[in-house]
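Chemist: Have a look at this one.
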Amino acid sequence: MPNRLLLRLAALDGVRRLVTSASLTRPVVERFVAGETLPEAMAAAARLKKNGMGAILDYLGENVTSDAQADQAAAAYLDSLAAIAAAGIDTHVSVKLTQLGLDLSFDAAVARLREICAAATGARTRVAIDMESHEYTDRTIEAYRIVRAEFDHPVLALQAYLKRTEADVEALAPLRPAIRLVKGAYDEPKDIAYGPWKTRDAFRRLLKPLLEHNPYTGVGTHDELMIKEAIRFARRKDVPTDRFEFQMLYGVRRDLQERLAAEGYGVRVYVPFGDAWYAYLMRRMAERPANLRLFAEAVLRG
């Protein structure tokens, strides 16, 4: 579970103004966010390719309030996929349905998602659908079911800290889904979400059926114990290495990313870009104390 207090502090206008205006925080922001433009994100993907890793481009933003904003976000993803196709770099895109207008209309958001999925087919890559807070879980899974009926490549993120996720994995199994398993980074009520230790146990339990039965599993963690568990299980069950990969965040545990890639495992790095970086960055701070210390030191130096 993320640090609840930090997430609540991050929602305060004064904290937002401090973080977004302090010049000395920029180097820390740049560590976790590739830039504000698509060329900057593509440059990051090219650097990852040189180190034997793939990328997932995430155009930052969520909870848009107008169809025009949703259309703009969809257009940014279509531009990203065109750039990926032109560059020939092993890069996916990752979308949030609230960025595509889910708060406004389920059908319109799915129509935009379908258009992005069609473009990804043409670019010979994948679309990963991010999971947001629990209010959106059912609608996100339903959207995945719709596009999965039409396309082979979409990936659905599931959060190990939600108590419902094991049932969701079982219900999705007939689709032979592509799943990205993450621990979860939203401030969720305790009655529906596990604490840190039980989340780790749930992550471990969920990994086994996903690795054994699914055609593609993204193991979204920086937790070395979970990574070792995934490797041990895959070896024990003779799961081919092309059926899973480790997915990590830009700027987090670069040493581990490079080590796993050097050992021959698939590694894909989540590359966020765009000017709506504040909410994303605050979740990264809340997830790992080491990230928070780095950022706090920069603010205090200012």
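Chemist: Restricting the search to region 218-265, which residues are touching a residue at least 60 places away in the same chain (Cβ under 8 Å), open to solvent by 50 Å² or more (accessible area, probe 1.4 Å) and charged (D, E, K, R)?
Modeler: Glu258
Chemist: Identify all residues within region 116-129 that are open to solvent by 10 Å² or more (accessible area, probe 1.4 Å) and assigned to a helix (DSSP H, G or I); write none if there are none.
Modeler: Ala118, Ala119, Thr121, Gly122
Chemist: Which of the residues that make up region 218-242 are in contact with a strand residue (DSSP E or B) (Cβ under 6 Å, 6 or more places away or on another chain) and either more than 16 Å from Asp201 (Cα to Cα) or small (Gly, Ala, Ser) (or both)?
Modeler: Across region 218-242, the qualifying residues are Gly218, Gly220, Ala230.
Chemist: Hey, another quick one. Every residue in region 44-69 that is without any contact (Cβ under 8 Å) to a residue 60 or more places away in the chain, farther than 14 Å from Glu258 by Cα and assigned to a helix (DSSP H, G or I), please.
Modeler: Selection gives Ala46, Asp67, Ala68, Gln69.
Chemist: Separate question: Can you tell me which residue among Ala185, Ala178 is in contact with a Lys or Arg (Cβ under 9 Å, 6 or more places away or on another chain), surrounded by 15 or more Cβ atoms within 10 Å (Cβ to Cβ) and without any contact (Cβ under 8 Å) to a residue 60 or more places away in the chain?
Modeler: Result: Ala178 is the single residue among Ala185, Ala178 that is in contact with a Lys or Arg (Cβ under 9 Å, 6 or more places away or on another chain), surrounded by 15 or more Cβ atoms within 10 Å (Cβ to Cβ) and without any contact (Cβ under 8 Å) to a residue 60 or more places away in the chain.
Chemist: Can you give me the number of residues within region 56-98 that are under 16 Å from Ala157 (Cβ atoms), of a type in the set (A, V, I, L, M) and in contact with an Asp or Glu (Cβ under 8 Å, 6 or more places away or on another chain)?
Modeler: Result for region 56-98: 4.
Chemist: While we're here: Of all the residues that make up region 93-112, how many are open to solvent by 10 Å² or more (accessible area, probe 1.4 Å) and in a loop (DSSP other than H, G, I, E, B)?
Modeler: Of the residues in that region, 4 qualify.
Chemist: A follow-up question, please. When the residues of region 130-151 are filtered to those that are within 19 Å of the chain's Cα centre (by Cα) and not in a helix (DSSP H, G or I), which remaining residue is farthest from Leu100 (Cα to Cα)?
Modeler: Within region 130-151, the match that is farthest from Leu100 (Cα to Cα) is Ser133.
Chemist: Identify all residues within region 212-245 that are of a type outside the set (Phe, Trp, Tyr), under 19 Å from the mean Cα position of the chain (by Cα) and not in a loop (DSSP other than H, G, I, E, B); write none if there are none.
Modeler: Across region 212-245, the qualifying residues are Thr217, Gly218, Val219, Gly220, Glu224, Met226, Ile227, Ala230, Arg243, Glu245.
Chemist: Which one of these is of a type outside the set (A, V, I, L, M, F, W, C), in contact with a strand residue (DSSP E or B) (Cβ under 6 Å, 6 or more places away or on another chain) and either under 30 Å from Leu81 (Cβ atoms) or without any contact (Cβ under 8 Å) to a residue 40 or more places away in the chain (or both): Pro272, Pro215? Working first, answer last.
Modeler: Working: Pro215 fails: in contact with a strand residue (DSSP E or B) (Cβ under 6 Å, 6 or more places away or on another chain).
Of Pro272, Pro215, the one residue that is of a type outside the set (A, V, I, L, M, F, W, C), in contact with a strand residue (DSSP E or B) (Cβ under 6 Å, 6 or more places away or on another chain) and either under 30 Å from Leu81 (Cβ atoms) or without any contact (Cβ under 8 Å) to a residue 40 or more places away in the chain (or both) is Pro272.
Chemist: Then there is this: Does Tyr186 count as under 17 Å from the mean Cα position of the chain (by Cα) and in a helix (DSSP H, G or I)?
Modeler: no
Chemist: Which of the numbered conditions does Ala202 fail, given that it passes all the others? Conditions: (1) touching a helix residue (DSSP H, G or I) at 6+ places or on another chain (Cβ under 9 Å); (2) within 17 Å of Glu245 (Cβ to Cβ); (3) open to solvent by less than 40 Å² (accessible area, probe 1.4 Å).
Modeler: Status for Ala202: all satisfied but (2).
The values are calculated or read from the model by the stated rules, or taken from the named source; none is laboratory data. From a predicted model like this one, the values you see are computed outputs, not experimental measurements. No Cβ is skipped: glycine too gets one built from the backbone with ideal geometry, and neighbour counts run over all protein chains shown. All accessible areas refer to the heavy atoms of the entire protein, side chains included, with ligands and DNA or RNA removed. Shrake-Rupley method; radii C 1.70, N 1.55, O 1.52, S 1.80 Å.
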